[in-house]
Each structure stands twice: as structure tokens, then as C-alpha cells.
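Report on the following structure.
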Amino acid sequence: MKTNRQLNDATQSVWAGEKEYLVHGATQVPVVLSVAYNYDDIDEWYEVAIGKRKGHIYGRNTNPTVQAFEDKVKALEHADAATSFSTGMAAISNSLLTVLKPGDRVVSIKDTYGGTNKIFSEFLPRLQINVSLVETGNHDEMEKEIAKGCKLVYLETPTNPTVKITDLVRITKAAKTAGALVFVDNTFATPINQNPLTFGVDLVIHSATKFLGGHADALGGVVCGSESLVKEIYHYREINGATMDPMAAYLLLRGMKTLKLRVEKQQENALKVAKYLSTHEKIEQVFYPGLETHKHHDIAKQQMSGFGGMLSFALKGELDAVRQFLPKLEFAHRAANLGAVETTVGPARTTSHVENTEEERAALGIPEGLVRYSAGIEDIDDLISDLKQALAAIDV
Ligand SMILES: Cc1ncc(COP(=O)(O)O)c(C=O)c1O
């Protein structure tokens, strides 16, 4: 059989990471719920404990179902190693705290996911870690900030919720010149559309809760990178204890089998929705990297093989219009989630940037009338007619 690296994404989504974990002729990876593992031979036990021999000791460290999930993501991200977490935020915080220490400096963008933004604005400064947040998409300014010296450049592209794009090749080059590490949150793009490690990025981060799982029924996070960096992060996580649950790993693993199919359909729907909304009289502005009007459409085209299932749009009439519009949608959950098979919508003020104040959102360029739209896999004609009737109900 060919190695995983030579297989394409559709095949990897289904097969990668599974075979080693199949037992008793089963065709599906089992959910191993056991917290600990029995060893009659204490020398063997010791060798497993110190990593000299394959095996498992205790569930906070490793678990077979969780490892199968990590192996699948690792193959899809073309990585040498991967480790997982209880949530996407645990992946982000544990990775940051592994590499940063007091006195370090981080350069990032203003538009990271609200939770990540809170780490930068609230938690890292408490540890005497300095964070410079640059206008997202202003590559000149970012290069200047990086050149001043930093330990880490942290990116998210496309961003949540305004889908802004950062040039990964350009910024990674600047970071390498400055001797900095580069971490990229690849949640919105998914490994189907973008593999940051192939551009020289050091660590790729996912909230697996979103597109990887795709069914809004399991929380998880995962990071991929070199053996040495992932080993350090794994060590921090095993002690810190933000471990992925085996049942969540099973659900995510099962969801990932259809990752390519889902993402292709979601982005086909997202583009059609974005085009439809762009011409609608009640819409102020549409944000989608697949639209030629998007500020960095060209960069997105270069570094992504598809534009993803996420878009956002500002309604004329601001919050009052949102209040009238959202309840009318028949085929959409109004919920603080994204990447699921069902279309899911919500204002930034109750989803991605619920942690921020209205003033902070305004400073981030997020209008109160902004609606985040995660396209599902429904029939596009039904989604468009649903939007049409809900927009017709706005009378502000
Ligand atoms: C881009 C991005 N990164 C990270 C997270 C955090 O993931 P989780 O909710 O799994 O902790 C989210 C959550 O919405 C997200 O949208």
C-alpha cells in the first residue's frame, strides 16, 4: 500500500490513521474508554512509560482512539506529528504556553477568534509576555513589527468572522528572517483547502469542533508540526491535562471520513450564497474570500485550493435588522458554532466575539449588524429561497 503522503485528501479522510487501530477484524476504530492499561511485566511497563516502546499507560497521556484521530489529521496536514486537546482553545492556549515565557514578544493580528484575542489581550500580558496586534491584512505593518524581533508570529487565515486573509508565504518568510516561530489557526480553511506547513509554518492548529468533526456533537482541538515541537506541546498538555475524550475522538474520526465531501459542498454553497447576497438591496457588505471583490482574493487564490464554507455579511439596518432577519430563517441554526452539516448563523456579538465589548468589536471593524454564515450541505436552492424570504421580512 502507498504511504499516506501519496494519497489524495478524499482517500486520506476515509483511511488515514485507521488501520493500526482496528482489532478483531473490525472495520471501525473502537472507542477505548479504559483509563489505564495493564502490564504483567514491569520492565515492559517502564519502557512504554519512558517512550521506548509503543503502548499506553494512562488516559491523560495517550489513548488508542485519540491517536487514530491524531494520525488522520496528521496525514491530511502533511505533518510529521500531531497531538490533540479537549477543545480548540486548549490547543491554542497549551501551544502558546509551551513556547512562551516572560519577556517574550508575540506578533499577531487584530482579527483572531475572540477567545484567542482574549489570551493576547488579557492572559499573556499578565505573564509579562508582550503582544503586538497588527491590522489584519496589512502585510507591510506586520513585516515591520516582526523585524523588531519576536518569539512567535500567530496567524489565523481566513479569520473569524470577517474572513480576512494573510499571505502565509510572505509572513512566514519575514518570521524566519527574524528567527520567530509561526503558528497558524487553520480552522476556517480546513486541511482540504490549505496546508500551512507546506509554506514553512511551524504549527497548524484546528478547533476540531468545527469542520473536522462537522456534526456539532464533539469538542476537540489538534495541532500538527515537527516531531520535536509537537513533543514539547504534548508534554505540556499531558501535565496540564487538557486531554481529548475518547468518545469525542471517535465522533471526530467518524465525522472526518466525509471531510472532503462536506467541505466541497459547503464552499460551493457559500460562494453561491455570497454572490446572491452581494446583489441584495438590504445587504451593506458581504465578506467571502471567493468573491473577486474581497480585498485579498488573489492571495486566497494562491494559498487555498478552495475558499471555505464561511462567510459573513452586514445588514443595512444594523442590529434591528438582524433581530428581524435571523428568526425567520427556516434552514439554519441560530447558534454559536460553525462548520457543521447544518447551516448555522449568528451575530458576532453572540458567537465569535461574545467575549468582547461593543467598543472592542467596533475597534476590530465588526459591525453590530454582522451575521456570520456557516454554509451547510443543504440544497442551494432551498438555502437561497430561505434567505430571500427572511430578508423580505426586514422592515427597518
Ligand atoms: C477560528 C477558531 N479557532 C479556535 C476556536 C476555539 O475552538 P473551541 O470552541 O473548540 O475551543 C474557534 C471557535 O469558534 C474558532 O472559530
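The values are calculated or read from the model by the stated rules, or taken from the named source; none is laboratory data. In this text, all values refer to a predicted model and were calculated from it rather than measured experimentally. Neighbour counts run over all protein chains shown; Cβ positions are idealised from the backbone, glycine included.
The table for this structure:
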| read-out | value |
| --- | --- |
| Every pair of residues 6+ apart whose Cβ atoms lie under 9 Å, when the first sits in the range 212-237 and is under 25 Å from Glu378 (Cβ atoms) and acidic (Asp, Glu) while the second is modelled with pLDDT of 95 or more and within 16 Å of the ligand (Cβ to nearest atom) | Asp217/Ala248; Asp217/Leu251; Asp217/Gly255; Asp217/Ala340 |
| Entirely in the range 147-260, the helices (runs of 4 or more DSSP H) that have 3 or more residues that are aliphatic (A, V, I, L, M) and modelled with pLDDT of 95 or more | 168-177, 227-240, 246-256 |
| From the options Tyr276, Tyr373, residue that is modelled with pLDDT of 95 or more, part of a strand (DSSP E or B) and not assigned by TED's automatic domain parsing to the domain that holds Ala218 | Tyr373 |
| Matching residues in the range 103-124 - criterion: being more than 14 Å from Glu135 (Cα to Cα) and more than 15 Å from the ligand (Cβ to nearest atom) | Gly103, Asp104, Arg105, Val106, Ser121, Glu122, Leu124 |
| Residue tally, condition under 15 Å from Ala68 (Cα atoms) and of a type outside the set (Ser, Thr, Tyr), over the range 79-95 | 5 |
| Boolean, Ala79 is of a type in the set (Gly, Ala, Ser), under 24 Å from Glu238 (Cα atoms), away from the ligand (no atom under 16 Å from the Cβ) and at pLDDT 95 or above | yes |
| Total residues in the range 60-97, condition of a type in the set (S, T, N, Q), more than 30 Å from Thr357 (Cβ to Cβ) and outside any strand (DSSP E or B) | 5 |
| Of residues in the range 343-367 being within 18 Å of Tyr288 (Cα to Cα) and more than 15 Å from the ligand (Cβ to nearest atom), the one modelled with the highest pLDDT | Thr343 |
| Flag for Ala340 being crowded, with 19+ Cβ neighbours inside 10 Å, modelled with pLDDT of 85 or more and away from the ligand (no atom under 16 Å from the Cβ) | no |
| Test: residue in the range 314-335 that is outside any loop (DSSP other than H, G, I, E, B) and under 28 Å from Leu168 (Cα atoms) | yes |
| Residue match in the range 218-237 (condition: within 11 Å of the ligand (Cβ to nearest atom), touching a Ser or Thr at 6+ places or on another chain (Cβ under 8 Å) and hydroxyl-bearing (Ser, Thr, Tyr)) | no |
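For (1) surrounded by fewer than 19 Cβ atoms within 10 Å (Cβ to Cβ); (2) outside the structural domain of Asn186 (by TED's automatic domain parsing); (3) touching a Phe, Trp or Tyr at 6+ places or on another chain (Cβ under 9 Å), each residue gets a yes or a no:
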| site | (1), (2), (3) |
| --- | --- |
| Leu203 | no, no, yes |
| Gly213 | no, no, no |
| Gly220 | no, no, yes |
| Cys224 | no, no, no |
| Val230 | no, no, no |
| Tyr234 | no, no, no |
| Asn240 | yes, no, no |
| Met244 | no, no, yes |
| Tyr250 | no, no, yes |
